[in-house]
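The structure appears below as structure tokens.
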Amino acid sequence: MFQDEARFGRISDVRRCWAPKPVRPVCQGMLTHEYTYAYGAVDVCTGEFDSLILPHVNTHCMQLFINEVSARHPSERIVMVIDGAGWHRSDALKAPENIYLFRLPPYAPELNPIEHVWDELREKFFHNRVFKSLGALEDHLALALKTLEDAPNTVSSIVSWPWIIGALLTAFLN
């Protein structure tokens, strides 16, 4: 599984959108500094996506997330690929028995396919939207994450990169 976190806030993402002539759509903009964080892990072979919404990015929240993934997959052995964020390197972070944490090289977010899941989420669920409260944002984020969790074929089409699948097949065949 590949793991990452993404920040979602009450800063609206105003983008161009289609409208019939001569209509000119009006999109609200908002700049409020309130954030929540989505933690996610994806299986690149099956498209299975696990997510959790937490208030911070830190070692404690990361521990909650990997414990949740471990509980969702109790009979599986998971190699979880993580980036080099400080809370991932903390000595206080303890991997559950069925999870092995494997770090990506520093400064290489392009190697983590879950980054594209966050792009998909923002593009399909968050552009041209304004939320009245952080609770409303979290409700919408939960719905968006659940939609992706229930669509492994969609997630697989985003994250199943040929070089990753090839590397996994080579590792299993040797």
Output the number of residues of the stretch 38-57 satisfying the condition of being among the polar types (S, T, N, Q) and more than 21 Å from TRP163 (Cβ to Cβ). 1
Among the residues of the stretch 152-170 satisfying the criterion of being surrounded by 16 or more Cβ atoms within 10 Å (Cβ to Cβ) and of a type outside the set (Val, Ile, Thr), which is farthest from GLU48 (Cα to Cα)? SER160
Restricting to the stretch 131-151, name every residue that is in a loop (DSSP other than H, G, I, E, B), of a type outside the set (Lys, Arg) and surrounded by fewer than 16 Cβ atoms within 10 Å (Cβ to Cβ). SER133, ASP150, ALA151
Qualifying position, being under 19 Å from ARG72 (Cα atoms) and among the basic types (Lys, Arg), among LYS132, LYS124, LYS146: LYS146
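Table: residues versus (1) more than 19 Å from TYR35 (Cα to Cα); (2) over 16 Å from the mean Cα position of the chain (by Cα); (3) not acidic (Asp, Glu).
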residue: TYR107; (1), (2), (3): yes, yes, yes
residue: LEU111; (1), (2), (3): yes, no, yes
residue: TRP118; (1), (2), (3): no, no, yes
residue: ARG122; (1), (2), (3): no, no, yes
residue: LYS132; (1), (2), (3): no, yes, yes
residue: ALA136; (1), (2), (3): no, yes, yes
residue: HIS140; (1), (2), (3): no, no, yes
residue: THR147; (1), (2), (3): yes, no, yes
residue: VAL155; (1), (2), (3): yes, no, yes
Within the stretch 92-108, the count of residues that are out of contact with any helix residue (DSSP H, G or I) (no Cβ under 9 Å at 6 or more places or on another chain) and at pLDDT below 95 comes to 4
How many residues are among the polar types (S, T, N, Q) and at pLDDT below 95 when one looks only at the stretch 109-153? 3
In the stretch 32-46, which residue that is farther than 17 Å from LEU145 by Cα and of a type outside the set (D, E, K, R) is modelled with the highest pLDDT? CYS45
Please go through the stretch 60-107 and give me each residue that is of a type in the set (A, V, I, L, M, F, W, C), outside any helix (DSSP H, G or I) and out of contact with any Leu (no Cβ under 9 Å at 6 or more places or on another chain), ordered by number. ILE78, ALA85, ALA92, ILE99, PHE102
List every residue pair whose Cβ atoms lie under 7 Å apart, where the two residues are 6 or more positions apart in sequence or sit on different chains, the first residue falls within the stretch 124-138 and is in contact (Cβ under 8 Å) with a residue 12 or more places away in the chain, and the second residue, located anywhere, is of a type in the set (Ser, Thr, Tyr) and surrounded by 15 or more Cβ atoms within 10 Å (Cβ to Cβ). ARG129/SER12; VAL130/SER12; LEU134/THR36; LEU137/THR36; GLU138/THR36
I'm trying to understand the selection: among the residues of the stretch 104-121, which are surrounded by 14 or more Cβ atoms within 10 Å (Cβ to Cβ) and not acidic (Asp, Glu)? LEU104, LEU111, ASN112, PRO113, ILE114, HIS116, VAL117, TRP118, LEU121
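The values are calculated or read from the model by the stated rules, or taken from the named source; none is laboratory data. The model shown is predicted, which means the values in this text are computed figures rather than measured ones. We place every Cβ from the backbone using ideal geometry, glycine too, and count neighbours over all the protein chains shown.
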